[in-house]
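Novice: Submitted below is the structure of interest, expressed as structure tokens.
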Amino acid sequence: MPTEVELKLAVSPGALREAARLPWLRHLASGPAKRNKIVSVYFDTGKCKLRDSGITLRIRRIGRKRIQSIKATGDAGAGRNEWETEIAADKPDLKQIKTTALARLATGKLKRSLRPVFETDVRRIVMPLRMRNSELELAFDRGRITTGSRSVAISELELELKSGKRSDLARLAQRLAHSIPVAYGARAKAERGYALSAGKQKEPVRAGPVTLGDAASTGEAFMAIGLSCLHHLAANEDAVRHGDPEGVHQMRVGLRRLRAAVSIFKDVVQSADTEAIKSELRWLTEQLGPARDFDVLVREGVVPLRRTNSDKPEIALLRADLEGRRDTGFDKAKAAVDSTRYRAIVLRTALWLIDGQWSRDMDALVAARRDRPAIEFAQEVLAQRRRKIIKRVRKLEKLDSRRRHKLRIAVKKLRYATDFFVPLFTRPKAWKARKCLDKVLKSLQSSLGKVNDIAVHERLARQFASGTVRTKKRPQKAYAMGLLTGREQTRMRACLAAAAKAGKDMAKTRPFWD
């Protein structure tokens, strides 16, 4: 695997100053620190066409120099993801973009539409470090992101391994975490700037594209995919803290994607520390579960039932009860995200992805699996999972609720896997086939999800009826739950039929990885 790795840590301004004074850190310095004032202006169209295409365009001023930088993510990268050119002015020089990912978008209309979106003004101190035989850089960044009348502070540490072993970068991060309060820095300055410009700093964040090079090994692919999932998870911290239901949902999706990645790559990442990471991720999933589950039950089950049964006060009682449980769930989710344990989990997971035991195991079989071309691994995994799902869907009517649930999870994992691996398959026909498969998988997952919701609601109804749920006016609420589950049971047959049809369509859909 390549040695160049970067890691960002979010810190308070006080902790940033404290870090600069750490004696052990100064002892690791391999040369004098460099100080710079760096002003970067990010350009885009009014509708953010570059961002939506996975491209950022930035002009950075360092002293008298003007550096134009173009970065690409996901499919936009086409094997390379950064281009830098020194230019003469403070506005983009589009004559210099012919060999970059921006070239395909550079129409006359785009050139006329480009404008500054936000600016970052950073005072950076870069300290060169040597740990054993590794050369690293530690940057202390303090400044602001500004757009119009809005502004937000920057206070972070950036660690970069220039050469040597990733274990040394991980060890440096761990020592910093033991010395000062730090958190995994999920969002890049550009991402924060775009959110600030739209006034959406605290809004939910959806999954972004995974960047995989054509020649990536299986181990490299796992690290890139895992870090992308971790970013998705951690980028929703503020939305969860503000009680946004979609923020909780997106953090759960990030968790599920990360846990799915661990499952997909299980033959590559088996180790003692992997089991510890999986255990902590399960804990976090449990903390977020009640908020989302009760929110969905209220919005998609009880509220529609109340509209069509306004004469039944029992439904209003049930709604009030479930909303109280939902609110308690949101409080539980907020407490989890604000906890020391959460911050430790996210940072520990990042370091495990970068330098876990799985990446250092020198067993011949493990190393061979890790070094295998990612495209071969992807073809094998996708084909196997597709075959198993098609086989199970044919027996859908005979499956009990537990097996239907397992089938739903398998479908979800295959959807995640197609998202993870699609950058490896760049032929136009592959992209079209992938879109067709995703449409079928989405339909299958949705149908099985509704079937699973019905089963969960039935279980809750039995708890109300049996008295295992302690609540006032239990009989009335049990009656209302009975109405809800009875209403949903009439939909069960239609959901199963839709799932069966989606399974048949999936069998006819050409795999995009062939």
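Novice: I'd like the residue in the stretch 113-141 that is outside any strand (DSSP E or B) and either of a type in the set (S, T, N, Q) or modelled with pLDDT under 95 (or both) and, out of all such residues, is surrounded by the most Cβ atoms within 10 Å (Cβ to Cβ).
Specialist: Checked the stretch 113-141; the qualifying residue surrounded by the most Cβ atoms within 10 Å (Cβ to Cβ) is S113.
Novice: Could I ask something else about it? What is the residue count in the stretch 4-40 for residues that are β-branched (V, I, T) and closer than 19 Å to A183 by Cα?
Specialist: Of the residues in that region, 2 qualify.
Novice: Moving to a separate point now. Going through A195, A235, A177 one at a time, which residue ends up being among the small types (G, A, S) and either outside the structural domain of A29 (by TED's automatic domain parsing) or closer than 22 Å to R259 by Cβ (or both)?
Specialist: A235
Novice: Here's something else I'd like to know. Would you please list the contacts, defined by Cβ atoms under 7 Å and residues six or more apart or on different chains, that run from a residue in the stretch 2-20 that is under 28 Å from A224 (Cα atoms) and assigned to a helix (DSSP H, G or I) to a residue that is modelled with pLDDT under 95 and of a type in the set (D, E, K, R)?
Specialist: If the second residue must be modelled with pLDDT under 95 and of a type in the set (D, E, K, R), no pairs are left.
Novice: So, one more: Do we have any residue at all in the stretch 434-444 that's at pLDDT 90 or above and over 25 Å from L258 (Cβ atoms)?
Specialist: Checking the stretch 434-444: at least one residue is at pLDDT 90 or above and over 25 Å from L258 (Cβ atoms).
Novice: Looking only at the stretch 357-370, filter to residues that are touching a residue at least 12 places away in the same chain (Cβ under 8 Å) and in contact with an Asp or Glu (Cβ under 9 Å, 6 or more places away or on another chain); which one of those is surrounded by the fewest Cβ atoms within 10 Å (Cβ to Cβ)?
Specialist: Looking at residues that are touching a residue at least 12 places away in the same chain (Cβ under 8 Å) and in contact with an Asp or Glu (Cβ under 9 Å, 6 or more places away or on another chain), I get Q357.
Novice: Could you please let me know if L382 is surrounded by 13 or more Cβ atoms within 10 Å (Cβ to Cβ), touching a Phe, Trp or Tyr at 6+ places or on another chain (Cβ under 7 Å) and closer than 24 Å to T274 by Cα?
Specialist: Yes.
Novice: Another question, if that's okay. Polar (S, T, N, Q) and part of a strand (DSSP E or B) - does that describe any residue in the stretch 100-112?
Specialist: Looking through the stretch 100-112, none of the residues is polar (S, T, N, Q) and part of a strand (DSSP E or B).
Novice: Give me the helices (runs of 4 or more DSSP H) completely within the stretch 274-387, filtered to those with at least 3 residues that are within 23 Å of S228 (Cα to Cα), ordered by residue number.
Specialist: It comes to 313-337, 340-355, 357-360, 364-371.
Novice: Among the numbered conditions (1) closer than 27 Å to A272 by Cβ; (2) assigned by TED's automatic domain parsing to the domain that holds A461; (3) modelled with pLDDT under 95, tell me where D363 comes up short.
Specialist: Just one mismatch for D363, condition (2).
Novice: Oh, and also: So which residues in the stretch 388-404 are outside any helix (DSSP H, G or I) and either crowded, with 19+ Cβ neighbours inside 10 Å or of a type outside the set (D, E) (or both), if there are any at all?
Specialist: Across the stretch 388-404, the qualifying residues are R394, K395, L399.
Novice: Considering only the stretch 182-200, how many residues are surrounded by fewer than 18 Cβ atoms within 10 Å (Cβ to Cβ) and under 12 Å from R150 (Cα atoms)?
Specialist: Adding up the residues that qualify gives 3.
Novice: Taking the stretch 82-92, which residues are assigned to a loop (DSSP other than H, G, I, E, B) and farther than 16 Å from I55 by Cα?
Specialist: Once the filter is applied, which keeps residues that are assigned to a loop (DSSP other than H, G, I, E, B) and farther than 16 Å from I55 by Cα, the stretch 82-92 yields A88, A89, D90, K91.
The values are calculated or read from the model by the stated rules, or taken from the named source; none is laboratory data. What you are looking at is a predicted structure, and each value in this text was computed from that prediction instead of being measured. Neighbour counts are summed over all protein chains in view; Cβ atoms, including those assigned to glycine, are modelled from backbone coordinates with ideal geometry.
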